[in-house]
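The values are calculated or read from the model by the stated rules, or taken from the named source; none is laboratory data. All figures in this text were calculated on a predicted structure; none of them were measured in a lab. Cβ coordinates were reconstructed from backbone atoms using ideal geometry, including for glycine residues, and neighbour counts include every protein chain displayed.
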Amino acid sequence: MTTQDLYPTRLGQEVKMLERHDPVVWGSGEGSALTAAQVESYECDGYLQLPALFSESEVEAFQEEIAKLTSDRELLASERVIIEPDEDSLALRSVFDVHREGMFRDLVRDERVSNVARQLLGSDVYIHQSRINLKPPFRGKEFFWHSDFETWHAEDGMPSMRALSASVSLTENVHSNGPLMVIPGSHKHFVACGGETPAEHHRESLRRQEIGVPSDEMLTRLADESEVRNLVGPIGSVTFFDCNLMHGSNGNITPQARRNVFFVYNSVHNTLVEPFAAPARRPNHIAARNFEAVPLPVG
Ligand code: 6CS
Ligand code: FE
C-alpha cells in the first residue's frame, strides 16, 4: 500500500504555497494538560510557551547530564554528535538520540510535557527525534528558516502533520543569544521546496541546511501576513511547536551558551513510511523507526 503524498516537495514541482490538509489540534483538544484558551492559542499561532515548567534545580540536573554526555568519548566519536560548520574548534552543535536512557528518558515520559503532546495530537505518541542543541558562546551558528515537517516528510516519510516539538530551555533565552524565531500562523501553509535531496543529505543539513528551505519570496509572503517573533523566556520554560511552523534562529555571539533539549512527539497514527523525496531513509538516531508509544510514568 502506498501512502498518498499530500505535500509534494523537492520533486521538481512548482515552488508554491499549498494549504495545509491536516488539523493543527487533533481530536477534541480536550485534556488535563492545557486549558481551552491555551489550545486555541496553539492552534492559531502554531506554538505555545509554558514558562518555567521545570524548576532551576531540575534544569541543573539536566545540565549535569549533558556534561556527562559531552565528555563521553565513545559518544563524541559517534554519528550522534554534530559539529558546528566552519569550525576548527570542534564546537558541538547538536547531540541526537538522547531520550533512550538516563534522565532524558524520564523527561520525555514526564506528564508535564507528554500530556501536552497527547492532548494536542489526540492520541498516544512516540518519539520521532530527540536532540540537545548547544548553540555555543561566541560562534554558535544560526539555523536558517525551515519547516521541520518539510524535512520529515521528504527525508523520513512522515505522512501527515501530526507531530510537534517540545523544546526545554536550559539557559535563559534572550533576544541576543539566538532564541527560537517563529512566524506565527505560518503552520497553516505548506511551502513546497525546490531542488532534490542528495544522498546522505543529513551530513550537510544538520550543520547548515540549504535544501528544503523556503524561497525568499515565500518567506516574505509569510512574514508579511504575520510577523517574525523571538521566543524569549526563563530557564526551564518549554515551547511546544507544530511540526510545520516556519522557524529558525540567529547565531550566538554572546559569551553565554543558549542550550535547549528537544523532543519530537509524533502520533502513533502517523508512523513513518518510505521517504517521499529522498534516495534512502535517514538513520534511526535522527528519525526513529521504533514506534512504541511513550508510556505513562509509573507511580
Ligand atoms: O533534519 C531535521 O530533522 C531537522 N533539522 C534541520 C536542520 N532542519 C529540519 C529539521 O528541523
Ligand atoms: Fe527545526
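Annotations for the structure displayed:
- Residue within segment 238-249 that is away from ligand 1 (no atom under 16 Å from the Cβ) and under 17 Å from the mean Cα position of the chain (by Cα) present: yes
- Only one of the listed residues (TRP152, TRP145) is closer than 21 Å to VAL25 by Cα, aromatic (Phe, Trp, Tyr) and at pLDDT 95 or above. That residue is TRP152.
- Candidate set from segment 144-165 (those that are in a loop (DSSP other than H, G, I, E, B) and within 12 Å of ligand 1 (Cβ to nearest atom)); member that is nearest to THR271 (Cα to Cα): MET158
- Residue match in segment 121-131 (condition: of a type in the set (Ser, Thr, Tyr), in a helix (DSSP H, G or I) and in contact (Cβ under 8 Å) with a residue 12 or more places away in the chain): no
- Restricting ASN270, ASN266 to those that are touching a His at 6+ places or on another chain (Cβ under 8 Å), of a type outside the set (A, V, I, L, M, F, W, C), within 23 Å of TYR47 (Cα to Cα) and buried (at least 16 other Cβ atoms within 10 Å of the Cβ) reduces the list to ASN266.
- LEU92 satisfies every condition listed in (1) in contact (Cβ under 8 Å) with a residue 60 or more places away in the chain; (2) within 16 Å of ligand 1 (Cβ to nearest atom); (3) closer than 27 Å to SER55 by Cα except (1).
- In segment 1-42, the residue that is surrounded by the most Cβ atoms within 10 Å (Cβ to Cβ) out of those that are more than 21 Å from the chain's Cα centre (by Cα) and of a type in the set (Ser, Thr, Tyr) is THR3.
- Any hit, segment 101-114, residues being within 16 Å of ligand 1 (Cβ to nearest atom), surrounded by fewer than 24 Cβ atoms within 10 Å (Cβ to Cβ) and either touching a residue at least 24 places away in the same chain (Cβ under 8 Å) or of a type outside the set (S, T, N, Q) (or both): no
- Taking the criterion of being more than 11 Å from the chain's Cα centre (by Cα) and within 15 Å of ligand 2 (Cβ to nearest atom), the residues of segment 153-167 that qualify are HIS153, ALA154, GLU155, ASP156, MET158, MET161.
- When SER130 is tested against (1) among the small types (Gly, Ala, Ser); (2) touching a Phe, Trp or Tyr at 6+ places or on another chain (Cβ under 6 Å); (3) at positive phi, just one condition goes unmet, and that condition is (3).
- Among the residues listed as GLU84, GLU150, GLU65, the single one being under 17 Å from the mean Cα position of the chain (by Cα) and surrounded by 14 or more Cβ atoms within 10 Å (Cβ to Cβ): GLU150
- Flag for SER130 being within 14 Å of ligand 1 (Cβ to nearest atom), of a type outside the set (A, V, I, L, M, F, W, C) and in contact with a Cys (Cβ under 8 Å, 6 or more places away or on another chain): no
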